[in-house]
Each structure stands twice: as structure tokens, then as C-alpha cells.
Amino acid sequence: MKATLLITCGASLLTNALKDTKSSDKLRKYGLDKIMSMDIGSIEYEKVRGYAYKGHEVFQTLLDYIKADSIKASAELNTLELFLRLHKLSYNDVKIYLYRSDTSVGLLIANVLEHYLQEKGSTVETIEVKGFGTAKTLNEFQEGMVDLMTKIIRITKGIKANNNKGKVYVLASGGFKPETTAAVIAALLAQADGIYYVYEHNRELVEIPAIPLAINHNALDLLDKIFHIKDSSKRRWSISIDELLAMGIDTSMIEELEFMGLVNRKGELQNKLEIREWVKELLY
């Protein structure tokens, strides 16, 4: 493969298809014009999970809509097409990871996109992100962002560690702004080769400068002191607050690490400190 593409996946395919004369009637027959206003997890909403497979009319309707005009059909495919043209690549040249929400609509759209991209010749894998679509609390939503960042860093670092696998790019047009923002931050931290999205006003492909990001040295030193990241014989990923205090690490230092999003508290009494998964992927 000449390149690996990490693509955030939103709901533009469905919302665009509902505006299309040929496909909207078939989709409305299944209540998909009202799906975005339904409670996630409700019986009516979860019916969509049964539409997410080849052979169902909804699946085929969305697939036909893509084939009629892929650039018009979805933000993800629009960005992908422009990216391939810019880099003079074909679908056969790229491996694609689709990052979807953990919702029934997310499953439907990702499955249709995956099928289309495979037919075009790409190798495709879909990755479910926990928490973005189904979060009921702020904490659950934040954990969804952490899950996305972790899974982007994991793939990017794995590819970058093996130069023979080619370059890795993040295409961040699909999904809501918090999702795409988290994807961009993760890509910068993991040193992806490029980040792209389509500018809404002129519909042109824009490259976000790959500005190097890193955890500051003081925080890294403190994390190493707590978790022994550099020493595999002593390495650990969680520690009790009492042990930290006994080490001379006071509450203000712990709170600073929490504020930076590098660690979080665990346990019924919030008496353990745990390094976040995305940090673990980045440093280990």
C-alpha cells in the first residue's frame, strides 16, 4: 500500500440521501427522515441496525445513491476523492480505516461506505469509537474523545514504526466538530504525514499543517516518576493516591496532570490515578 487513510465517519451520507428525489421516498418509508430526532437506544432507533447489511433496501438505496455521485453523496467520499486526485493515487493504492460512532446510524453508514470502498478496490477496516454517539453524560462524551484519540494514535504509530508500510494521513471531514478536533489532535501527536478536510465555503481540499505536538517535558518527567514508563521491569499504569502522596507528589501536581488530560481518577472512592489510554499508546 502506498498510503493509509484514517477517516472520521459522520452522518452526511444519510442526510444528503434524504434530500435526493430518487432515494428519499425509500428511506422515508423506514422512518429515516425522523431518525436523527429519535432517542438513541429506543426501539425505533435500534431498528436501523437491521438495515445495515447488504440485501436490505435501505443499504442498497444508500449504495446506489453513492454510485450515482460519490462526491455529492458524503463528506467522507468528497474528501477522499479530492485527496486521491491531489496525490495521484487510486483506490487500490490505499488502506482505509473508517472511524464510526457506536450507534445504529453509525453502523449503517460505515457499512455502506466500507462496501463501496471495497468494490472500488481499497482495503477497508471499520473501527467503532465508544462514547461519541451514545454518551449520556459529559464524562462519557470525554471518554469517547479519548477512545478516538487512542485508536488513531495506535494505528498511526504502528504504521510509522514500519517505514515499509508507507505514509499515513487523516481525513477529518466526517463527523461533528468535537470528533474531528480530537482526530486532528491525535494525528498531530502521533506525527501523521498529513491531515485534510474540505473547506465548507469553497469545497476545496485543505491541508492542516502537521505542526509537531508533544507532551511537555515536566509532565513527561512526572509521568515517568509515577508510572516508570521507561523501565519495563517497574512499569505500571495505575497507582493509589496514598502512594503518590507518600512519594512526595502533592495534590496540586496530580490536579495538573488531570487538567492536561494525561491521567484520570478511578475506583469507587476516586482513590487511584490511572494514565489515559491515548497517553499510553503515545509513550509506550
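Sorted ascending by nearby beta carbons within 10 Å, beginning with the fewest, MET260, MET1 become MET260, MET1. To the nearest ten degrees, helix 104-120 and the longest principal axis of the Cα atoms of the chain are 70 degrees apart. Counting every other Cβ atom within 10 Å of each residue's Cβ, HIS87, HIS217, HIS115 order from fewest to most as HIS217, HIS87, HIS115. Put simply, the amide H of THR8, placed in the peptide plane, has neighbours under 5 Å in TYR99, LEU171, SER173, GLY174, leaving out anything fewer than 5 places away on its chain.
Ignoring aspartates and glutamates fewer than eight residues from LYS88 along the same chain, none have Cα atoms less than 13 angstrom from its Cα. Amide H contacts of ILE96 (H built 1.01 Å from N, in plane; Pro and chain starts excluded): LEU5, THR123, VAL124, GLU125 sit under 5 Å, all sequence-distant by 5 or more or on other chains.
Which residue, ALA187, ALA161, ALA219, tops the fluctuation ranking in a GNM of the chain built on C-alpha contacts under 10 Å? So, out of ALA187, ALA161, ALA219, the one fluctuating most is ALA161.
Max-minus-min Cα coordinates of region 1-156 on each principal axis give 43, 41, 22 Å, with the largest extent listed first.
Exposure proxy for PHE59, PHE176: other Cβ atoms within 10 Å of each Cβ, ordered fewest to most, give PHE176, PHE59.
Residue by residue, region 54-60 carries 3J(HN,Hα) couplings of 4, x, 7, 4, 5, 4, 5 Hz when phi is fed to the Karplus relation 6.51 cos²θ - 1.76 cosθ + 1.60 (θ = phi - 60°); x denotes Gly or Pro.
Computed from backbone phi, the HN-Hα couplings of region 67-72 come to 5, 5, 6, 5, 5, 6 Hz, rounded to whole numbers (Karplus: 6.51 cos²θ - 1.76 cosθ + 1.60, θ = phi - 60°; Gly and Pro given as x).
Calculated [222 nm] ellipticity per residue, helices only, for the chain: -13500 deg cm²/dmol; basis is -39500 (n - 2.57) per DSSP H run with n ≥ 4, divided by all residues, nearest 500. For region 273-284, the Karplus equation 6.51 cos²θ - 1.76 cosθ + 1.60, evaluated at θ = phi - 60°, returns couplings of 10, 10, 6, 6, 4, 5, 5, 4, 5, 6, 9, 10 Hz by residue, with Gly and Pro reported as x. Sorted largest first, the principal axis extents computed over the alpha-carbon atoms of region 217-283 equal 27, 23, 22 Å. Normalised by the number of residues in the chain, the mean separation of alpha-carbon contacts (under 8 Å, six or more apart) gives a relative contact order of 19 percent. Of all segments of the chain bounded by GluC sites (Glu not before Pro) found in a DSSP loop with no more than 16 other C-beta atoms within 10 Å, the longest spans 1-199. Calculated from the alpha-carbon coordinates, region 80-181 shows an Rg and a Dmax of 14.5, 44 Å respectively.
None of the figures in this text is laboratory data; all of them are computed from the coordinates on show. This one's a predicted model, so the numbers in the text were calculated from it and none came from an experiment. Heads up, the Cβs are rebuilt from the backbone with ideal geometry, glycines too, and the neighbour counts pull from every protein chain shown.
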